[in-house]
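This report refers to the structure that appears directly beneath it.
The values are calculated or read from the model by the stated rules, or taken from the named source; none is laboratory data. Note that this is a predicted model, so its numbers are computed, not measured. Cβ placement follows ideal geometry from the backbone for every residue including glycine, while neighbour counts extend to all protein chains displayed. To get the accessible areas, we keep the full protein, side chains included, count just its heavy atoms, and leave off ligands, DNA and RNA. Shrake-Rupley method; radii C 1.70, N 1.55, O 1.52, S 1.80 Å.
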Amino acid sequence: MSDFPTVRLRRLRRTAALRRLVQETHLVPSQLVWPLFVTHGEAVRRPVTAMPGVHQLSPDELVKDAVRAAALGLGGVILFGIPAAKDATGSEAYDEQGIVQQAIRAVKRAVPQLLVIGDVCLCEYTDHGHCGVLRDGDVDNDASVSLLGKVAVTQARAGVDLVAPSDMMDGRVAGIRKALDAGGFAHLPIMSYAAKFASAFYGPFREAAGSTPQFGDRQTYQMQPANGDEAMREIRLDLAEGADIVMVKPALPCLDLIRRAKEEFGSPLAAYQVSGEYAMIKAAAERGMLDEPRAMWESLTAIRRAGADIILTYFAPAVAEQL
Ligand code: PBG
């Protein structure tokens, strides 16, 4: 190919029609997943201060958002539960009548065609706020895995379409797979939060889900942000344990790992644009510092361009409405 002046890349940027023709990366509603927070009660739609536009919803209100998700053609919703009471072992997480189990039933009854994903973790349900049960002041890996298996099975019995473990215990995909298979759910897929970092960007979520650790932090189980090779090991292990979809989280700080994971594994890949990524855009836009729709599009397109097939994002309905 000869160079300038024969080659002029600006030719294809001259009109909106040309730019549209050569657009490489697209967002489609079917690949967007909307995270929703469900709480006990009726007619509750309680705003989350740190995440403008996000609410804690009672099951009846949740159903309204699920109907909206289906109408917009979203890929699905992922549910996080706020229990009536927290305890040392997070028992509402694996209670057949727990808030998420109730919510799954309500949504599947009202909108059976909508994909419902259950987040599988204990942190919203434990009084200490950690993602597993404690022994001698640290999270006990294997005891936690066995409880996570129970969480997945109770969600499966409630009719969930996909379970998504977010706890970062070792061997939890294998443990959950075994529990599901034994419970008659060999067909139910797992989307693992495979490469999940101990990130500052989860801050606003902890207000939404009431899951701030009461002591310490999550660095003994979530990954340190400095490590990329280790992220690939986490993903490889989760796939070997039977994960059907793997996730990188957070998204924008990990675009390099999304790309590496897509190239190394080729399996369906999800990325989570987390609460802090959403809140940053919202907060800056509220102060007039940047244009919210453009920042939303640019960040989500970058995540897709890096290699994510599926994006979990609080912007899901806003994007779908503009498509
Ligand atoms: C629970 C969980 C968290 C998120 C998803 N599942 C919080 C955490 O690990 O502290 C974060 C999502 C977000 O920030 O939007 N383990």
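When S146 is tested against the conditions (1) over 22 Å from Q56 (Cα atoms); (2) in a loop (DSSP other than H, G, I, E, B); (3) touching a helix residue (DSSP H, G or I) at 6+ places or on another chain (Cβ under 8 Å), the lone failure is (2). Hey, could you check region 305-316 for residues that are in contact with a Leu (Cβ under 6 Å, 6 or more places away or on another chain) and in a helix (DSSP H, G or I) and say which is surrounded by the fewest Cβ atoms within 10 Å (Cβ to Cβ)? The qualifying residue surrounded by the fewest Cβ atoms within 10 Å (Cβ to Cβ) is A306. Which of the residues spanning region 154-184 are of a type in the set (G, A, S) and either within 15 Å of the ligand (Cβ to nearest atom) or within 12 Å of V248 (Cα to Cα) (or both)? Selection gives A164, S166. In region 1-30, the residue that is farthest from the chain's Cα centre (by Cα) out of those that are open to solvent by 100 Å² or more (accessible area, probe 1.4 Å) and under 25 Å from A306 (Cβ atoms) is L9. Within region 31-53, the set of residues being open to solvent by less than 40 Å² (accessible area, probe 1.4 Å) and in a strand (DSSP E or B) comprises L32, V33, W34, P35, L36, F37, V38, T39.
Taking into account only those residues within region 143-173 that are open to solvent by 20 Å² or more (accessible area, probe 1.4 Å) and either polar (S, T, N, Q) or under 17 Å from M247 (Cβ atoms) (or both), which is nearest to the chain's Cα centre (by Cα)? Residue satisfying both the conditions and the ranking: D161. Within region 204-300, considering only helices (runs of 4 or more DSSP H) that don't extend past its boundaries, which have at least 1 residues that are open to solvent by less than 10 Å² (accessible area, probe 1.4 Å) and among the hydroxyl-bearing types (S, T, Y)? So the answer is 275-286. May I ask you to verify whether A195 is within 8 Å of the ligand (Cβ to nearest atom), under 14 Å from the mean Cα position of the chain (by Cα) and of a type in the set (G, A, S)? In short, no. Going by what's in this entry, would F197 be described as closer than 25 Å to Q219 by Cβ and either at pLDDT 95 or above or open to solvent by 40 Å² or more (accessible area, probe 1.4 Å) (or both)? In short, yes. Determine whether region 185-192 contains at least one residue that is open to solvent by 10 Å² or more (accessible area, probe 1.4 Å), within 13 Å of the ligand (Cβ to nearest atom) and assigned to a strand (DSSP E or B). No: region 185-192 contains no residue that is open to solvent by 10 Å² or more (accessible area, probe 1.4 Å), within 13 Å of the ligand (Cβ to nearest atom) and assigned to a strand (DSSP E or B).
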